[in-house]
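*Asks:* Below you'll find the structure I mean.
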Amino acid sequence: MISIRLPQDMENRINNLAKSTQRPKSFFIKEALSNYLEDMEDYYDVLKRENKKEETKIR
């Protein structure tokens, strides 16, 4: 389990979205985190590949 503190405006936005869609707040938080993690994993994979290319050029 993870506990986080959100800025009030962000918490209000999640609350409003949850109410209007009748989904739990945790649904949107999990979705957002999942999408963010996928993006960051892709980003760091690209950085690794680029670094390997640079190392190969130097040799």
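*Asks:* Tell me which residues, restricted to the range 12-36, are of a type in the set (Ser, Thr, Tyr) and closer than 20 Å to residue 1 by Cβ.
*Replies:* Answer for the range 12-36, where residues must be of a type in the set (Ser, Thr, Tyr) and closer than 20 Å to residue 1 by Cβ: 26, 34, 36.
*Asks:* Whether any residue in the range 48-58 is aliphatic (A, V, I, L, M) and over 19 Å from the mean Cα position of the chain (by Cα) is what I want to check.
*Replies:* Yes; the residues of the range 48-58 include at least one that is aliphatic (A, V, I, L, M) and over 19 Å from the mean Cα position of the chain (by Cα).
*Asks:* Related question: So residue 18 fits all but one of (1) part of a helix (DSSP H, G or I); (2) small (Gly, Ala, Ser); (3) under 18 Å from the mean Cα position of the chain (by Cα); what number is the exception?
*Replies:* (3)
Each reported figure results from applying straightforward, stated rules to the coordinates on display, with no laboratory input. In this text the structure is predicted, and so the values were computed from the model without any measurement. No Cβ is skipped: glycine too gets one built from the backbone with ideal geometry, and neighbour counts run over all protein chains shown.
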